[in-house]
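Reviewing the structure listed below.
The values are calculated or read from the model by the stated rules, or taken from the named source; none is laboratory data. Everything quoted here is computed from the prediction, not taken from an experiment. Here the Cβ positions follow ideal geometry from the backbone for every residue, glycine too, while neighbour counts run over all protein chains shown.
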Amino acid sequence: MLLSRKSLLVLLAGAALGAPTQAQVTTPPGPKPEPTAPYTPPPAPPAPPPRPARPTREVAPDVEYNPITERDTSGAIIPLAEPPEYVAMAHNPLINLPMMIRIAPHFYTRRLAVERLVIDNLEIMREIEGGMIEQMRMGDEQGMRDASSKISTFTTNDEIGPYLSAHLDEAGITGHAVNLLTAKIRGEYENDLTKEAMASKPTADGATGLDQMMQKVLRMSITEHEYFYRRLMMDAADQLGAVLPQLTLGGATADAVRPLAERLEGEGDLDARAALIRQVFDLFDAETRKRALELTVELRPEIDPEWQMAPLPENAIPKPIDDETRMEMILQLLDGGRVDTGKFVV
């Protein structure tokens, strides 16, 4: 009779188990093993460090202030002429006269630093002025990536933080409460802008409300850089007569620039002057454009920011200052001017 595979395996297993019992040989016992030491368990692992407490959200001081968002009769937001950061500082009631004197040197110093960054990356700024941000679309991932990389040249610079008020706070010049309130005032305006953009109808070139909101956020991140770029170009228009002789221009370029420079010299309209100086810069190559702005800055009179606002006279009582006065002071300091402290004391 043939055995199935299963029956055969069972029989082989039984034989394997039984064979040693039938052929077992008794061997003499070996020496007794040495006594072993009692078992000592390993030390318990150290307890994990306690989780850090979740930081609480910092709240700005509860004081009255005037928001910086203004609307026209149709309800549309009126764009600010100056960077929101500076306008927010002007509307911050915690910045009194003694504090303004302490922070005064940092406005012009900040301007010089931002201008240096703009000059070093002038070709990117020209792309932005040419509509790079307005051409961005949320659906174009590669285009978004490329444009965002260029914009980050201005927004992620190690030497210049995004906001002057934050720098003054970190340096211990103002105080955390002042920075928090400035950030709140500025943030409300920026939130208003993004909400307005998000609710906008699609543009003629196809930008949706989401596209426009994204564009607005990117634009707000470089408001200060664009502001000083525009001022640099106006300064370049004013100084072109002194700058041109110091530039190395080819004959054809010099011939093309000459009539534009002559028109610029006699032009009084600011918008026309802004357009003319850009036509001149279009004729320059990248290195010449950069050098022209460097010379423009070098031609300014030397300014010591430490003396832009004199300390308060001894025993003088400072007068309260309002939003308009703070704004005038800030603009004068940004221009490199000197603010007469004596006008604001009793």
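Taking helices (runs of 4 or more DSSP H) as the structural unit, those lying wholly within the range 78-171 and holding at least 3 residues that are touching a Leu at 6+ places or on another chain (Cβ under 6 Å) correspond to 105-120.
Inspect the range 138-150 for any residue being touching a residue at least 60 places away in the same chain (Cβ under 8 Å) and within 14 Å of the chain's Cα centre (by Cα) and give the result as yes or no. Scanning the range 138-150, I find at least one residue that is touching a residue at least 60 places away in the same chain (Cβ under 8 Å) and within 14 Å of the chain's Cα centre (by Cα), so the answer is yes. Out of curiosity, is residue 188 assigned to a loop (DSSP other than H, G, I, E, B) and either in the same structural domain as residue 77 (by TED's automatic domain parsing) or within 21 Å of residue 108 (Cα to Cα) (or both)? No: the conditions fail for residue 188.
If you go through the range 204-225, how many residues are among the acidic types (Asp, Glu), assigned to a helix (DSSP H, G or I) and surrounded by fewer than 18 Cβ atoms within 10 Å (Cβ to Cβ)? Total satisfying the criteria: 0. Within the range 310-346, being under 24 Å from residue 85 (Cβ atoms) and among the basic types (Lys, Arg) holds for 326, 338. Residues in the range 171-187 that are of a type outside the set (S, T, N, Q) and over 16 Å from the mean Cα position of the chain (by Cα): 171, 172, 173, 175, 176, 177, 178, 180, 181, 184, 185. Is it the case that residue 96 is among the polar types (S, T, N, Q) and touching a helix residue (DSSP H, G or I) at 6+ places or on another chain (Cβ under 7 Å)? Against the criterion (among the polar types (S, T, N, Q) and touching a helix residue (DSSP H, G or I) at 6+ places or on another chain (Cβ under 7 Å)), residue 96 does not qualify. Of a type outside the set (Asp, Glu), farther than 20 Å from residue 226 by Cα and crowded, with 19+ Cβ neighbours inside 10 Å: which single residue out of 164, 181 fits that description? That would be 181, the only listed residue that is of a type outside the set (Asp, Glu), farther than 20 Å from residue 226 by Cα and crowded, with 19+ Cβ neighbours inside 10 Å.
How do the helices (runs of 4 or more DSSP H) wholly within the range 240-311 filter down when requiring 3 or more residues that are closer than 23 Å to residue 124 by Cα: which remain?
In the range 240-311, 270-283, 286-298 are the helices (runs of 4 or more DSSP H) which contain 3 or more residues that are closer than 23 Å to residue 124 by Cα.
Scanning the range 215-241 for residues that are among the β-branched types (Val, Ile, Thr) and more than 20 Å from residue 331 (Cα to Cα) turns up just one, 217.
Every test in (1) touching a helix residue (DSSP H, G or I) at 6+ places or on another chain (Cβ under 7 Å); (2) surrounded by 11 or more Cβ atoms within 10 Å (Cβ to Cβ) is passed by residue 311 save one, and that test is (2).
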